[in-house]
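Chemist: If you scroll down you'll find the structure; I have some questions about it.
Since every read-out is calculated from the coordinates, none of them should be taken as a lab result. Being a predicted model, the structure only gives us computed values, none of them experimental.
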Amino acid sequence: MTDELARRFPAVHFYNPSLVEVQGDVAIGPGTRVGTFTLIHAGARIGVGCTIGSHCNIHCAVLGDRVVIQTGCHITRGVVIEDEVFVGPGVITLNDKLRGGPLTFPRIGRAARVGGGSVILPGVVIGAGAVVGAGSVVTRDVPEGAVVLGNPARARRA
Ligand SMILES: CC(C)(COP(=O)(O)OP(=O)(O)OC[C@H]1O[C@@H](n2cnc3c(N)ncnc32)[C@H](O)[C@@H]1OP(=O)(O)O)[C@@H](O)C(=O)NCCC(=O)NCCS
């Protein structure tokens, strides 16, 4: 997809454009960088100055500006990730509880940081500036600025 990506996204840097797939109806802001073996699905909206790592699967989600998604993340449809959020390697978001109800979509607030290997359950809202410890399973909303960790993720005792 080398030539096609350069034509569609002249201000985006693809580390190896022949090993990236960007489906139709995708917006990517200028200055964003995209790693190798990453798939960006139709409808995704990615802001300016973002870093999307390698081996990522970005569904029809909305990412703000200056968002970092490290290697090996799975970002499900309907997720909203606000400006300046950092998502560590191997993070998974989910949107289906597999209990027959409607899909519900995680939201990660501005400048929150999500540690590597974490799982964000359907509909969970992570507040602005919060920190999720590595390897957490986040089952409940996280207040702004809180530090949570563990499975299930709970606020760290002082
Ligand atoms: C949660 C975190 C922010 C806490 O950092 P910290 O305040 O320096 O905490 P400490 O390392 O002093 O650990 C404090 C306690 O929490 C525990 N702890 C730390 N991180 C933990 C985690 N992710 N899950 C479970 N327990 C954790 C420690 O074992 C320690 O427990 P103890 O007092 O019983 O020994 C940090 O450990 C973390 O997970 N950061 C994310 C790292 C990451 O994924 N980076 C991605 C880019 S490389």
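Chemist: Quick query: amide H of GLY150 versus all other amide H atoms, modeled in the peptide plane; which residues come in under 5 Å with a sequence gap of 5 or more or a different chain?
Modeler: Sorted by chain and number, the residues that satisfy this are GLY133, SER136, VAL137.
Chemist: Note down, for the range 2-155, the three equivalent ellipsoid semi-axes (square root of 5 times each alpha carbon gyration tensor eigenvalue), biggest first, whole angstrom.
Modeler: Values: eigenvalues 142, 48, 33 Å².
So the three semi-axes of the range 2-155 are 27, 16, 13 Å.
Chemist: Continuing with the same structure: What is the Cα centroid distance between the range 105-158 and the range 1-49, reported in whole angstrom?
Modeler: If you average the Cα positions of each part, the centres end up 28 Å apart.
Chemist: Also, I was wondering about something else. For the range 17-24, what does the Karplus curve 6.51 cos²θ - 1.76 cosθ + 1.60, with θ = phi - 60°, yield as ³J(HN,Hα) per residue in whole Hz, taken in order and with x for Gly and Pro?
Modeler: With coefficients 6.51, -1.76 and 1.60, one gets x, 6, 10, 10, 10, 10, 6, x Hz.
Chemist: When the Karplus curve 6.51 cos²θ - 1.76 cosθ + 1.60 is applied with θ = phi - 60°, which whole-Hz ³J(HN,Hα) does each residue of the range 49-58 get, with x for Gly and Pro?
Modeler: x, 8, 10, 10, x, 7, 6, 9, 10, 10
Chemist: So what is the 222 nm mean residue ellipticity for the chain from helices alone, if each DSSP H run of at least 4 adds -39500 (n - 2.57) and you divide by all residues, rounding to the nearest 500 deg cm²/dmol?
Modeler: Dividing the helical sum by the residues of the chain leaves -1000 deg cm²/dmol.
Chemist: What residues have an amide H closer than 5 Å to that of PHE105, excluding those fewer than 5 places away on the same chain, when H is modeled at 1.01 Å from N in the peptide plane?
Modeler: The answer is GLY123.
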